[in-house]
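Reviewing the structure listed below.
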Amino acid sequence: MVTAHDDGLVRCGWAGTTPDYVAYHDEEWGRPVHGDDLVFERITLEAFQSGLSWLTILRKRDNFRKAFAGFSIPAVAAFDDGDMERLLGDAGIVRNRAKIEAAVANARAALEVPGGLSELVWRHAEEPGRVPATLADVPARTPGSTALAKELKKHGFRFVGPTTAYALMQAIGLVNDHVADCHVREAVTDLRRV
């Protein structure tokens, strides 16, 4: 399903009409993201989203950035018990102990990834496949996301199952799941060629 908006542009149906979703869809989702800290941020946010609305995470993203030291991997890896308590008391983020502990553990794991986290994740970029005509054509997971989740877990990452890994792949441009009629699809496809 695609949605035509007041601005005359056609977008993926999930973008809806909420300004936060429209901006995220048009300016970020599916565009290539490189760099260890930037990829770590996306992994962390995708893990926190599990079981929640993505809109909740988008609206708290600036708070997450402040709470997690701008998602600097070395800074988060150095978090101690005091930081854990600070995060559990921070109403600006999602206060889930398991997810907070996973974020810190994932930062520590990221420090140990040979070649860096971004390189590890981008090794799993998928070749363009069939262009989804509707959201129903977009999978929740793929063999590539299963392989990425398995490799991340092998390095000690948590909250990175195949579905979360696929959401990460979509978000940072490893796949282009903008539907065929979406106005962003070709721009994202062109970025992947660079």
>> Straight-line reach from LYS99: which aspartates and glutamates fall under 17 Å, measuring Cα to Cα and dropping same-chain residues less than 8 apart?
In response: GLU41, GLU46, ASP80, ASP81, ASP83, GLU85, ASP90
> Which trypsin sites (Lys or Arg not before Pro) from the range 8-108 combine a DSSP loop assignment with at most 14 other Cβ atoms within 10 Å?
Replying inline: ARG95
>> Averaged across orientations, what area in nm² does the convex hull of the alpha carbons in the range 33-176 project?
In response: 8.3
> Cβ under 11 Å from ARG65's Cβ, ARG65 left aside: what net charge do those residues give with Lys, Arg +1 and Asp, Glu -1?
Replying inline: 0
>> With angles folded into 0 to 90 degrees, how steeply does helix 97-111 sit against the dominant principal axis of the chain? Use alpha carbons for both and round to 10.
In response: 90
>> Placing unit charges on C-beta atoms (Lys and Arg positive, Asp and Glu negative, everything else neutral), compute the dipole magnitude of the range 97-171 about its Cα centre in debye, rounded to 20.
In response: 320
>> Cβ neighbours within 10 Å, averaged per peptide: list 168-179, 18-29, 68-79 in order, most packed at the top.
In response: 168-179, 68-79, 18-29
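For LYS150 and GLU28, compute 0.36 nm times the residue count separating them, minus their Cα-Cα distance, and round to one decimal in nm. Before the final figure, lay out each step's value.
On the way: separation 122, 0.36 × 122 = 43.92 nm, distance 2.58 nm.
Answer, rounded to one decimal: 41.3 nm.
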> So how strong a dipole does the chain carry about its Cα centre when Lys and Arg Cβ are +1 and Asp and Glu Cβ are -1, to the nearest 20 debye?
Replying inline: 500
> So what J values fall out for the range 43-51 if you push phi through Karplus, 6.51 cos²θ - 1.76 cosθ + 1.60 with θ = phi - 60°, rounded to Hz, Gly and Pro as x?
Replying inline: 4, 5, 5, 5, 5, 5, 5, 3, x
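Since every read-out is calculated from the coordinates, none of them should be taken as a lab result. These numbers were taken from a predicted model, which means no experiment stands behind them. Ideal geometry is used to build each Cβ from the backbone, glycine not excepted, and the neighbour counts take in all protein chains shown.
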